[in-house]
Every structure is written in structure tokens, then in C-alpha cells.
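**Student:** Mind having a look at this structure? Questions to follow.
The values are calculated or read from the model by the stated rules, or taken from the named source; none is laboratory data. Here the structure is a predicted model, which means the values were calculated and not measured. No Cβ is skipped: glycine too gets one built from the backbone with ideal geometry, and neighbour counts run over all protein chains shown. Areas reflect the complete protein model, heavy atoms only, side chains present, ligands, DNA and RNA absent. Shrake-Rupley method; radii C 1.70, N 1.55, O 1.52, S 1.80 Å.
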Amino acid sequence: MQRKERRMACKRKIIALLLIVPLLTSLCGCWNYRLLEDMGIVAGIAIDKGTDDTFELTMEIAEAKSGKERMVDSHIIHSFGNTIFDAVRDGISIIGKKLYFSHTQVVIVSEEIARNEMIDVMDWMNRDSETRTDIELFVAKGMPAKDILMVENPSDNILSFTLESMIENETNLSKSRKTQTWRFANDLVSPGISPQIPAVMLWDDSEGQTPMTEGTALFHNSAFVGFLDGADTKNLLFVQDNIDGGLLTFPLNYQGEKISVSLEIFENQTKLETVWADSVPEINITIKTVVALDELQGTPGEIDGKLIAALEQAAEVYLKQQIEATIRLVQNRYACDTFGFGNHIYRTEPRKWKKIEADWDTIFPKLKVTVSPKVALKNSATHEGTISGGGS
């Protein structure tokens, strides 16, 4: 909550800067009059590969609009260069102002950049004295990164700010995990864990196209290797103990009736344990989840202890099957330890980790992982029966 409050405070500062500086200059004569005029505040950046092995930068520039009421708006500029810094300098010549990155909220990279040039992106961001370490990173799924920034924003706000708010709210759905630059850089150099970045795409609604953040881009070392969808991302977050909300939806056969169940996740605690068999590690995952009953589609009758026990058992079976399936998917298709199993061994048993570190890329795809969920159903309903069941 404190981090979210700090981000909201940062946004307010940007808006205040854009709105107050022109007023101050009008009150103080010519002192510092050219401060805002000489500054292009970069709210967000999209990085694509251009022609002839160049970089193409698409930047959203925040600006104050004049009129009876001062408003904050943005416009897009495109620049090119042989390096990212070269493209930034090209942007300065296009806009005729110094580009200011201290309030940049998001950086979006294309799949091509993520696959081959992510080190260049991180090198520029780490070396630039103005860029912050809490910029939100995204990988554009199935389209150029610039398409995300250039879409018409349905909220009439600066699109980069909208994307930052979307990934903040996405944590309540557990279909995407926010990754700031510091986290990606930290995972990149930490033993036994592969970095990940949330995916962003466009989806069509009745009013046009809208950005959507769902799923995860996986990296092996510094190279993008593929995506997980929203459901697999939720299972990944369970393993990493990063679940902050969301739903468990599954079918249940109860007393001859087929019921569709939706449970809301209230709390979750995940613990990893390493066991060794002839110097070969195995991982046991214990998950304790507290849920509430949100919906029963069917006619199960009275919601009694027997039904609650059946719901808890079905949820445990569902979680075990889903999480183990996601682990096998990552092991077999991507062979990158995005879960951080190796990092767990490194932190808890560093001497044993040193003996297997060099072979971890070979060990991980064959690693035996056992998932043991325990689900507790609380606050199941305000009535003892369903509406159709006629309970009181």
C-alpha cells in the first residue's frame, strides 16, 4: 500500500510540475521562464527494432495545454539510432527540447528486442542518470511495442500513466506480475532464477482497441523465450508466494449435480522445501490458501459442512493439477527456472548449491516438484442455502 501511495504521489508531482511551472513563470517575470519550454517530459517509451539494425524509439511526451483551464495532455514522437542513446539524441533534435526521463513510468519492448537486445535496454537504463529503478517493464505480445503507446487512450489520460495503473490493479487478479527495472536487473544476476516481465497487448472492444496487461514473458538469462498466459501466470505466482487476490473457478460433481464454483482468494502462503535423493534435489511446495465462496452455479442445496468439505477438497485437487501442469510446461517447453527453485537452494543451502550450480540448466527440466495445497473456505455465504435451494 505504501508503494502504491508513493506512485500516486509521483503522478501528482508530474501533474503539478506541468501545471504550476507556467504559473510561476508568469508571476516571477523572466526567472527560469524557459525551464518547461526546454524540457520534454517522457512519460513512456516503446522500443522496437528499426531498419538496417537500428533502434526505433516511440516516446510519449507529457505536456500542459493552455486555455481557460490548464490540462495535462501528451503527444508521440518517433526517433531512430544505431544505439538506444543515439535514438534518444535523435529525439532531442526532433522535439527541440531536452528529454527528461526522471518521471518515465513505463518502458515497453517488442518481442524482437526482448529476444536479442534486452541487455542493451538495461545497460542504457542503468547508465542514464535520470531514469529511475522503479520503471514498469512490459513486453508487447504479438505486435510492435509502438502500437501500444499509439493506441487512442479511452480514459483521456496519459497512456503511460494508464498502463502503470493497470499493472498495479492487475495484482488483485493475479494474472500478471509487475516487474520494475530493479527487479529484472536483480533476477538477471541472481543465481538460480530467470527473469520475467508482464505481457501487454491490445484487445478489441465496442469502442476500439484497449491495452490489456495479462500473462508473462519468460527469459532465459537475458533472452526472451516465450509467454505464459494469464492462467499459467497465476500458477507461477502461487509458487512464488506472490498471490494477492484473484479467483479459483472449477467444476464440481456433488451428489449427482454438476456445479460451477468460483472462490475468491483472500490469503495465501507458499513455502518451498528442498529434499535430497543421492545428491539430487527435489522440491516440495506447501500452499495454504484462504478463500471465500463467491458463486455456485447449480442446485447443491444446503451449504453445510459436507458441501464445504467437498469444495475445499475439489479446490485442492484443482490447484495441485493446475500448478504442477504449469511447472511441467515451463520445464519441457522453456527450460528456464522462472520459479526460482535454484535461488531457493542457493539461499537456504549455499554449499550444496555450489556443487550443482554449473549443471542447473540441465537439472531444472528434470527436477521433481511436488505440490501440496491446503484450502480453507471462510465466510462461505450469508445464507445457509442457495437461493434456488430455498435455504434460510
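**Student:** Look at segment 266-312 and say how many of its residues are outside any strand (DSSP E or B), open to solvent by 30 Å² or more (accessible area, probe 1.4 Å), touching a residue at least 24 places away in the same chain (Cβ under 8 Å) and not acidic (D, E). Steps first, please.
**Tutor:** Kept after step one, since they are outside any strand (DSSP E or B), are these residues of segment 266-312: 278-279, 298-301, 303-312.
With the extra rule that they be open to solvent by 30 Å² or more (accessible area, probe 1.4 Å), the set shrinks to 278-279, 298-299, 304-306, 308-309, 312.
Next, from what is left, pick out any that are touching a residue at least 24 places away in the same chain (Cβ under 8 Å): 279, 298-299, 304, 308, 312.
After this cut, where a residue has to be not acidic (D, E) as well, the list is 279, 298-299, 308.
The qualifying residues number 4.
**Student:** Continuing with the same structure: Taking the criterion of being open to solvent by 50 Å² or more (accessible area, probe 1.4 Å) and modelled with pLDDT under 95, would at least one residue in segment 361-378 satisfy it? Before you say what the answer is, go through the steps one by one.
**Tutor:** Here is the first cut: in segment 361-378, the residues open to solvent by 50 Å² or more (accessible area, probe 1.4 Å) are 361-362, 366, 368, 372, 374, 378.
Narrowing the set further to residues that are modelled with pLDDT under 95 leaves 378.
Yes, some residue in segment 361-378 is open to solvent by 50 Å² or more (accessible area, probe 1.4 Å) and modelled with pLDDT under 95.
**Student:** Let me ask something additional. Could you please let me know if K178 is basic (K, R), surrounded by 14 or more Cβ atoms within 10 Å (Cβ to Cβ), within 30 Å of T249 (Cβ to Cβ) and without any contact (Cβ under 8 Å) to a residue 60 or more places away in the chain?
**Tutor:** Details: basic (K, R): yes; surrounded by 14 or more Cβ atoms within 10 Å (Cβ to Cβ): yes; within 30 Å of T249 (Cβ to Cβ): yes; without any contact (Cβ under 8 Å) to a residue 60 or more places away in the chain: yes.
Against the criterion (basic (K, R), surrounded by 14 or more Cβ atoms within 10 Å (Cβ to Cβ), within 30 Å of T249 (Cβ to Cβ) and without any contact (Cβ under 8 Å) to a residue 60 or more places away in the chain), K178 qualifies.
**Student:** Which condition number in (1) within 20 Å of I108 (Cβ to Cβ); (2) within 17 Å of the chain's Cα centre (by Cα); (3) surrounded by fewer than 24 Cβ atoms within 10 Å (Cβ to Cβ) is the one that Q196 fails?
**Tutor:** It fails just one condition, (3).
**Student:** Which ones in segment 181-221 are of a type in the set (A, V, I, L, M) and free of Cβ contacts under 8 Å to residues at least 60 places away in the same chain? Give the steps one after another, and end with the answer.
**Tutor:** Of all residues in segment 181-221, those of a type in the set (A, V, I, L, M) come to 185, 188-189, 193, 197, 199-202, 212, 217-218.
Residues satisfying the conditions are V189, L202, M212.
**Student:** Among the residues of segment 108-165, what is the count of those that are of a type in the set (A, V, I, L, M) and more than 18 Å from T181 (Cβ to Cβ)? Spell out how you get there, then give the answer.
**Tutor:** Step one: filter segment 108-165 for residues of a type in the set (A, V, I, L, M), giving 108-109, 113-114, 118-119, 121-122, 125, 135, 137, 139-140, 143, 145, 148-151, 158-159, 163.
Right, trim to more than 18 Å from T181 (Cβ to Cβ) and you get 143, 150-151, 158-159.
Residues that pass the stated criteria total 5.
**Student:** Going by the structure shown, is I119 more than 15 Å from the chain's Cα centre (by Cα) and closer than 18 Å to F184 by Cβ? Even if it seems obvious, please write down each step before you answer.
**Tutor:** Numbers: more than 15 Å from the chain's Cα centre (by Cα): yes; closer than 18 Å to F184 by Cβ: yes.
Spelling it out, I119 is indeed more than 15 Å from the chain's Cα centre (by Cα) and closer than 18 Å to F184 by Cβ.
**Student:** Can you work out which of the residues in segment 221-257 that are among the aromatic types (F, W, Y) and under 18 Å from Q322 (Cβ atoms) is surrounded by the most Cβ atoms within 10 Å (Cβ to Cβ)? If you could, list the steps in order and put the result at the bottom.
**Tutor:** Just the residues of segment 221-257 that are among the aromatic types (F, W, Y), to begin with: 224, 227, 238, 250, 254.
Still in the list and also under 18 Å from Q322 (Cβ atoms): 227, 238, 250.
Details: F227: 19, F238: 25, F250: 18.
Only one residue fits best here, namely F238.
**Student:** For segment 332-375, give me the residue count where each residue is in contact with a Phe, Trp or Tyr (Cβ under 8 Å, 6 or more places away or on another chain), closer than 20 Å to N242 by Cα and in a helix (DSSP H, G or I).
**Tutor:** Within segment 332-375, residues that are in contact with a Phe, Trp or Tyr (Cβ under 8 Å, 6 or more places away or on another chain), closer than 20 Å to N242 by Cα and in a helix (DSSP H, G or I) number 4.
**Student:** Would you mind listing the helices (runs of 4 or more DSSP H) fully within segment 129-196 where at least 2 residues are within 30 Å of D361 (Cβ to Cβ) and in contact with a Leu (Cβ under 8 Å, 6 or more places away or on another chain)?
**Tutor:** Numbers: elements: 145-150, 159-170, 181-189.
Output list reads 181-189.
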